[in-house]
Amino acid sequence: MKRFQIILLSIILAGIAAPVFAGEKAVNLSLFTPVSIAKETDSVSAFRFNLIYGKNTSVRVVDLGLVNHTTEGLSKGLEWGFVNYGEASFTGIQLGAVNIAQENFEGFEWGFVNSAGSARGLQLGFINIAQKMHGIQIGLINMIKQDGFMPIFPFVNWSF
């Protein structure tokens, strides 16, 4: 019986330690990068709060702060900040004055300026920009550079 308990404890500890070795943290609190719990080379798997500026490889579930910056991989969930800047892909909801997903975006962007490489979903803002889009843009200026209803169109633009 004692041997079984040791094996079970080893399996549990390995499961807990695996994200640490993979460079993943469950939570990150950041005044500004690098003054934060997690390093900028870590991904965050559950919650990140950036008082001023936070930079990590990716964030899943909830990302809150003044300036939220991700650098690689897929980030997903809710991203809510003044500026949400992703150098890679994002799936979910972005709420902010400026929302940028340089690669693929899937979901809902709501802000003053929304920009995505390839977008799938809804962009709602004053200025909406997408290289390619499968969805709808609603705003004052709407740009879909490839295959949109029009390259630039006021109030509403779409591509399906």
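The values are calculated or read from the model by the stated rules, or taken from the named source; none is laboratory data. Treat the numbers as computed from the prediction; the structure is a model and nothing was measured. So basically every Cβ, Gly included, is an ideal-geometry build from the backbone, and we count neighbours across all protein chains shown.
Restricting GLY135, GLY148 to residues that are without any contact (Cβ under 8 Å) to a residue 60 or more places away in the chain, in a loop (DSSP other than H, G, I, E, B) and surrounded by 16 or more Cβ atoms within 10 Å (Cβ to Cβ) narrows the list to GLY148. Quick one: in region 40-53, of everything that is out of contact with any Asp or Glu (no Cβ under 8 Å at 6 or more places or on another chain) and within 20 Å of GLU103 (Cα to Cα), which residue is surrounded by the most Cβ atoms within 10 Å (Cβ to Cβ)? For region 40-53, the residue satisfying everything is GLU40. Checking region 51-58 against the condition returns a match, with at least one residue being assigned to a strand (DSSP E or B), at negative phi, without any contact (Cβ under 8 Å) to a residue 40 or more places away in the chain and among the aliphatic types (A, V, I, L, M).
With respect to (1) crowded, with 20+ Cβ neighbours inside 10 Å; (2) over 20 Å from GLY111 (Cα atoms), the lone exception for ASN99 is condition (2).
Taken over region 66-115, the residue count meeting the criterion of being aromatic (Phe, Trp, Tyr) and under 8 Å from the mean Cα position of the chain (by Cα) is 2.
All of (1) touching a Phe, Trp or Tyr at 6+ places or on another chain (Cβ under 7 Å); (2) under 30 Å from ASN28 (Cβ atoms); (3) buried (at least 24 other Cβ atoms within 10 Å of the Cβ) hold for ASN84 with one exception: (1). So which of PHE126, PHE149 is closer than 25 Å to SER75 by Cα and in contact with a Phe, Trp or Tyr (Cβ under 9 Å, 6 or more places away or on another chain)? Just a single option satisfies the conditions, and that option is PHE126. Inclusion of ASP63 among residues that are of a type in the set (Asp, Glu) and crowded, with 16+ Cβ neighbours inside 10 Å is warranted.
Answer yes or no: is there a residue in region 20-33 that is modelled with pLDDT under 95 and out of contact with any strand residue (DSSP E or B) (no Cβ under 9 Å at 6 or more places or on another chain). Checked against the condition, which is being modelled with pLDDT under 95 and out of contact with any strand residue (DSSP E or B) (no Cβ under 9 Å at 6 or more places or on another chain), region 20-33 yields at least one hit.
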